[in-house]
Structures are given as structure tokens and as C-alpha cells.
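In what follows, a structure is listed as C-alpha cells, so that the remarks can point back to it.
The values are calculated or read from the model by the stated rules, or taken from the named source; none is laboratory data. Since the structure is predicted, the reported quantities are computational estimates derived from the model, not experimental observations. All Cβ positions, glycine included, derive from the backbone under ideal geometry; neighbour counts span all protein chains shown. Side chains are part of the model used for accessible areas, which takes the heavy atoms of the whole protein and leaves out ligands, DNA and RNA. Shrake-Rupley method; radii C 1.70, N 1.55, O 1.52, S 1.80 Å.
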Amino acid sequence: MSAGTSNVAVPGAVPDVAPRRGGMLAGRGSALAAALIFAALAVLPPIALAIGDPFLVVTATRILVFAIAALSLDLVLGYGAMVSFGHAAFVGLGAYAVAILASHGIDDILVQALAAIGVSALFALVTGAISLRTKGVYFIMITLAFGQMAYFFMVSLSAYGGDDGLTLSARSTLFGLPVLSSDVSLFYVSLAVLASAFLGLRALTLSRFGRVLRGTRENPIRMQAIGFQPFAFQLTAYVIAGALAGLAGVLLANQAEFVSPAYMSWQRSGELIVMVVLGGMGTLVGPIGGAIAFLLLEDWLAHFSEHWKLGLGVLLVLLVLFTRGGIAGGVERLFGRARP
Amino acid sequence: MSEPLLAVTDLRKSFGALAVTDGVSFDVHGNELHAIIGPNGAGKTTLIHQLSGNLASDSGTVRFAGEDITKHSMVDRVRRGLARSFQITSILDGFTVLENAAMAVQARSGSSFRFLRPASKESPLNDEARAALARVKLDDRAHRRAGSLSHGEKRQLEIAIALATGAKLLLLDEPLAGTGHEESAVLVALMQELKLTHTIVLIEHDMDAVFALADRVSVLVYGRLIATGTPEEVRAHPEVRAAYLGEEEAA
Ligand SMILES: Nc1ncnc2c1ncn2[C@@H]1O[C@H](COP(=O)(O)OP(=O)(O)OP(=O)(O)O)[C@@H](O)[C@H]1O
Ligand SMILES: [Mg+2]
């Protein structure tokens with residue numbers, strides 16, 4: 001038998017005392033990187049004002065909104081190991097909750113946000129419960145199908161603009177006050193939502209719940225063998241992420257003062273996946289960076305040619321080929337080696 | 001005689017035309033170490049899969065602690081005290097050794113739908129996990145990344161995780177798989193101690209280990225149990241000698 005042969009195998013290997021899975025950016029480094037990003041964003045509006053480019057704030061708000069959506073997708077994709085291809089549907093549902101309520105004279109942001117969270121959480125609960133019966137590529141296909149279903153539902157909803165979408169007459173209010181009417185206040189509200197979502201998800205991923213989710217990502221059979229049914233945990237993560245994406249939709253509707261089914265298209269879902277992968281899955285801060293990089297790149301490449309998407313595609317392929325763990329992985333390799 | 005802790009009756013499982021578990025019946029009594037031996041491909045792992053709930057049986061029954069658990073999921077079985085280890089090490093490489101065990105404690109200690117407090121700082125979970133690690137002599141490795149352990153240590157952790165579930169009965173699928181002489185000596189000594197507190201079903205190829213540890217031995221060949229008895233009885237069994245031990249000695 002094999003006795004003796006494995007004695008030759010490397011004994012003990014190199015002492016590895018660093019327990020953190022995501023390395024630097026999953027530990028304290030992640031909080032530091034996030035703090036830097038948030039601080040830089042916080043001083044953006046006065047700088048934009050000083051250099052006489054107020055439109056910068058509008059662009060930045062849009063980036064914040066997609067960063068929230070990408071962050072929520074990271075919970076599903078990076079921590080839950082569920083490749084969801086219909087995540088934009090939740091953003092769209094949140095945006096439509098604002099527009100539809102507003103068209104009936106309900107402008108209050110709290111009511112709208114509650115409705116948005118409720119609708120997207122419910123949609124996540126129902127579609128997640130069904131989708132999680134499948135695995136692998138079937139899961140991708142079925143989430144894609146549900147996303148498209150939501151998309152075509154909105155296209156067919158002619159009372160609310162159908163294909164053309166719906167323009168908001170004004171931004172949401174709070175207790176009747178137009179608190180979001182200035183671009184700068186909308187920007188800071190979005191930043192606050194992003195920072196809270198980051199801190200909340202960070203705590204969540206380290207909690208009992210998050211630990212089960214991370215364990216399931218690594219080995220679902222092992223988790224069942226010690227007594228955890230992955231389904232309930234994955235579904236809960238899916239619902240939380242759906243609700244958060246819905247909240248991003250509330251901000252998106254306010255930022256654009258317009259909603260349309262295009263927000264929910266599969267291309268949008270694909271872009272969110274790109275942001276998460278580009279930034280680094282399962283790091284939380286990575287997808288925020290991914291959203292910033294993606295949208296800036298999109299803007300920048302659009303200056304050069306109308307075929308910017310091709311350029312973006314090439315860049316992405318290079319990134320996937322030459323980096324592991326996206327931007328977060330790259331930053332980690334640059335700075336993370338200092339660890340003893 | 002009191003009711004056995006585990007009672008398996010006419011258990012069957014086929015993959016297509018291949019009957020991998022072909023009418024297996026046996027009992028395991030409380031505090032017994034029951035070894036199941038058999039040549040490669042005899043269906044030992046498949047049997048463990050069926051007993052642990054990883055694989056549904058085609059027919060037959062499995063009773064555990066007086067309850068029919070044939071249709072129970074893997075999760076329900078482990079909650080009742082039936083835990084398994086894996087032939088192919090399946091620890092969570094990315095977590096610390098302590099967290100690997102603490103998670104098994106967590107599974108039976110209150111709700112895991114808690115979202116805010118850091119789990120790795122929960123002392124009650126960590127204390128119990130440490131106790132399980134101590135039983136397999138891994139407590140000094142608690143804060144290492146599990147993936148960085150040596151092969152023998154990983155096999156020890158595999159057992160500690162099963163212990164940490166709070167199981168009464170351990171289904172150990174080749175705990176010595178791939179280990180060298182020294183590593184397997186550690187594991188055998190460790191199982192000697194586990195025997196005192198746990199009922200164990202041990203699948204093993206290493207005959208020295210089996211005959212040193214087992215109270216009773218069953219021999220599985222092509223999905224059928226051809227003999228069950230004390231190590232001496234099984235060693236003397238003519239069919240066993242022909243089918244299995246003979247081949248061992250010839251080798
Ligand atoms: N999922 C499966 N589908 C088809 N055949 C399978 C499957 N699992 C196991 N088998 C077959 O069943 C037989 C028994 O396999 P099993 O793994 O239970 O054997 P074993 O006794 O554990 O062997 P070993 O000593 O090598 O671990 C083998 O012939 C194997 O090829
Ligand atoms: Mg086997």
C-alpha cells in the first residue's frame with residue numbers, strides 16, 4: 001500500500017500564519033482602501049465647483065449608484081458564489097418604484113425607498129427560490145431569463161411609458177422638502193448610502209451568516225456535512241442583494257430623473273458583472289473600484305471612437321488574462337507583499 | 001440485547017446496471033468500533049454516502065438511535081448525531097483550523113441567521129472548537145490557515161470537524177488515506193482515544209490499523225457483506241481470505 005510514499009511529500013510546507021482568505025483587501029486593508037475612496041469622493045463636489053465643472057458631480061453620482069449596485073452583486077457573486085445574470089432587474093424595479101409612485105403624486109423618498117426595497121426583495125425571493133434549484137450554467141440562464149422577464153414586463157407596461165420610459169417631473173422629497181433637488185445633495189446622499197452599504201455588508205460577511213456563506217462558496221458538501229443547508233443562506237443573500245440593488249435604483253431614478261426598461265436589460269446585468277470581476281470578486285471594496293473604473297473607462301473611450309465597447313472588451317480580456325482578482329488583486333500584489 | 005445505535009437493513013444502490021450496494025445489512029452498537037474493509041471499488045464510500053445522506057438509497061432502511069432516517073437529508077442526520085469524514089480531504093482551506101471546527105459548533109449552537117457580530121470572535125464557539133482540536137492534537141495549529149497544514153494534520157482536522165458537530169456516531173472514510181507511517185501512527189492512537197467516547201464506523205484499507213482498533217469487522221466485496229465478526233473470526237473466514245486477505249498476503 002501507499003505507506004511510506006507520502007513521507008517524501010513536502011512536510012508542513014512554509015509556515016502560513018495569515019488566515020485571511022482575501023488577503024490584505026479582505027482584512028484591514030479593505031477598510032483602508034474604502035476609506036480612501038470615500039474620502040476622495042467626499043471632497044469631490046467642492047473641487048468640481050472650484051474648477052468650474054459642476055457636471056463632474058452628476059457623473060460621480062452616477063458612478064456611486066452603480067457602485068452600490070455592484071457592491072450588492074458582490075454579495076451574490078463573490079460571497080454567495082451565485083453567478084446571477086439578472087441583477088439589473090432589481091435596479092430597474094427600484095427605479096420604477098420611484099417613477100410609478102411619483103406619477104401618482106407620491107414623492108416622499110422614504111415611501112419610495114420602502115416600496116423599492118419591498119418590490120425588489122420580493123422579486124429576489126421568488127426568482128431566487130426558483131433559480132437556486134438549479135446550478136452552474138443553468139443558474140446563469142434562469143437568472144438571465146427572470147431579468148429579461150422583468151424587462152419585457154416594463155416594456156409592455158404602456159401606462160408607464162412602455163419602451164419609451166417615464167420622465168420624472170421632479171426629484172423625490174423628504175416630508176415635502178425638496179432635499180434632493182440640488183445635484184450636490186443627491187451626491188452626498190448617494191455617498192452615504194454607499195458607505196453604509198459597504199460597512200453593513202462588511203459586518204455581514206464576517207458574521208455567522210457570512211461565514212456560512214463563505215464556507216458554502218468554498219465547499220457546499222462540507223457545509224452540509226456539518227449541518228448547514230446552503231439554500232436558505234444563499235437565498236437570504238440573494239434577497240438582501242436584491243433589496244440593496246433596488247435602493248440603488250431609487251437613486252438612479254433621481255439622478256437621471258428618468259426611468260426606462262433599458263435599466264433592466266441583460267447588457268446592464270452583464271456590465272454589473274464586469275464591474276465586480278474587474279474590481280475583484282468577494283472583496284466588497286473591489287467592486288466599488290470596479291464600478292468607478294468601468295464608468296470612467298466607458299466615458300474616456302467614448303471620446304476616441306464610437307466603437308468604444310470594442311476597446312473596453314479588449315481591455316477586459318487583457319485584465320482577465322494578466323491579473324488575478326481584478327483591481328483589488330492587483331493592488332494587493334503591489335502592496336500586500338510587505339506582510340511578514 | 002439493547003437496540004443497536006445504527007441499524008442498516010437490506011440497503012441498495014445501483015449506478016445504472018452496476019449494483020454498488022447490493023443488499024447490505026449490519027448493526028452497530030453503542031460504543032462499538034465497527035470496521036468495514038473491502039478491496040478498491042467494493043462500494044465502501046458509496047455506503048458511507050448512503051449512511052450520511054449524501055446519496056439517496058434505492059431501497060432498504062437506515063435506523064439511527066431508534067429512528068428511521070432513511071429519507072432524512074444530510075443536515076438532518078448530522079443534527080441527530082451522525083457525522084462523517086471524507087476519504088478525499090474536504091476541509092475549508094481558506095479558513096483557519098479553528099474556524100473549520102468552530103463552524104461545525106456554530107451549526108448546532110443557536111441560529112446562524114445573525115448578521116452583525118463577527119463570528120470568529122464568539123468565544124463559546126471557539127472554546128468548543130478548541131476542545132475538538134485538542135482531541136486530535138491540533139490545538140497548537142488553531143490559527144494556521146487550514147490549507148497550509150501537512151497532509152497528516154489535514155486528516156486530523158477532518159476528524160476534529162466531525163467531532164465538533166457533537167456527533168454520537170462517526171463515519172470515518174479512510175482516515176489514514178495517503179498518510180505515511182508516522183502520520184498514521186498518530187491517527188491510530190487518536191482513534192484509540194476516540195473509541196472511549198464515540199461509536200465509530202471505520203472504513204480502512206490499513207489492516208494493521210483495523211485489527212488494532214476494531215471490535216467487529218465487516219467485509220464488503222462487490223457491494224455485499226460477505227462476513228461480519230470479531231477481527232479473529234473475520235481473519236479466519238475462508239471466503240474473506242480468498243476474496244480479500246489472501247490477495248493482501250500475496251501482495
Ligand atoms: N456516482 C457514481 N456513478 C457511477 N459509478 C460510481 C459512482 N460512484 C461510485 N461508482 C462506482 O461504484 C463502485 C464503488 O465505488 P466506491 O467509491 O464506493 O468504492 P470504495 O470501496 O470506496 O473504493 P476505494 O477503496 O477505492 O475508496 C466503483 O466501481 C465506482 O466506480
Ligand atoms: Mg472509498
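So here's what we get for this one:
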quantity	calculated
Tally of residues being within 16 Å of ligand 1 (Cβ to nearest atom) and either touching a Phe, Trp or Tyr at 6+ places or on another chain (Cβ under 9 Å) or open to solvent by 40 Å² or more (accessible area, probe 1.4 Å) (or both) across region B:49-85	6
Any hit, region B:126-142, residues being at the interface with another protein chain (Cβ under 8 Å from one of its Cβ atoms) and not hydroxyl-bearing (S, T, Y)	no
Qualifying positions in region B:54-68 - within 14 Å of another protein chain (Cβ to nearest Cβ) and either out of contact with any strand residue (DSSP E or B) (no Cβ under 7 Å at 6 or more places or on another chain) or more than 16 Å from ligand 2 (Cβ to nearest atom) (or both)	B:N54, B:A56
Residue count for region A:203-225, restricted to those that are more than 15 Å from B:A102 (Cα to Cα) and facing another protein chain (nearest Cβ under 10 Å)	7
Selection count, region B:75-89, where residues are of a type in the set (S, T, Y) and at the interface with chain A (Cβ under 9 Å from one of its Cβ atoms)	1
Test: A:A243 is of a type in the set (A, V, I, L, M), part of a helix (DSSP H, G or I), in contact (Cβ under 8 Å) with a residue 24 or more places away in the chain and within 14 Å of chain B (Cβ to nearest Cβ)	yes
Flag for B:A160 being farther than 16 Å from B:Q87 by Cα and either among the hydrophobic types (A, V, I, L, M, F, W, C) or facing chain A (nearest Cβ under 9 Å) (or both)	no
Candidates B:T165, B:T179, filtered to the one that is at the interface with chain A (Cβ under 10 Å from one of its Cβ atoms), on the phi < 0 side of the Ramachandran plot and within 16 Å of ligand 2 (Cβ to nearest atom)	B:T179
Helices (runs of 4 or more DSSP H) (entirely within region A:150-238) containing at least 2 residues that are open to solvent by less than 40 Å² (accessible area, probe 1.4 Å) and of a type in the set (V, I, T)	A:183-206, A:208-218
Complete set of residues in region B:7-21 that are away from ligand 1 (no atom under 11 Å from the Cβ) and farther than 26 Å from B:H198 by Cα	B:R12
Search result, residues across region A:36-62 that are touching a residue at least 40 places away in the same chain (Cβ under 8 Å) and of a type in the set (A, V, I, L, M, F, W, C)	A:I37, A:F38, A:L41, A:A42, A:L44, A:V57, A:V58, A:A60
Test set (1) buried (at least 17 other Cβ atoms within 10 Å of the Cβ); (2) among the aliphatic types (A, V, I, L, M); (3) within 13 Å of ligand 2 (Cβ to nearest atom) - B:A104 fails condition number	(3)
Flag if B:H34 is more than 8 Å from chain A (Cβ to nearest Cβ) and within 29 Å of B:V240 (Cβ to Cβ)	yes
Answer residue from region A:246-296, given it is charged (D, E, K, R) and assigned to a helix (DSSP H, G or I) and is nearest to A:G78 (Cα to Cα) among those	A:E271
Filtered residues of region B:28-39 (kept if more than 16 Å from ligand 2 (Cβ to nearest atom) and crowded, with 18+ Cβ neighbours inside 10 Å)	B:V28, B:E32, B:L33, B:H34
Filter result for the condition that a residue is hydrophobic (A, V, I, L, M, F, W, C) and open to solvent by 40 Å² or more (accessible area, probe 1.4 Å), over B:A42, B:A17, B:A7	B:A17
Within region B:153-212, tally of residues that are more than 14 Å from the chain's Cα centre (by Cα), of a type outside the set (S, T, N, Q) and away from ligand 1 (no atom under 15 Å from the Cβ)	14
First in region B:28-47 and of a type in the set (K, R), second anywhere and within 16 Å of ligand 2 (Cβ to nearest atom), Cβ under 7 Å, 6 or more apart	B:K44/B:I36; B:K44/B:G38; B:K44/B:I203; B:K44/B:L220
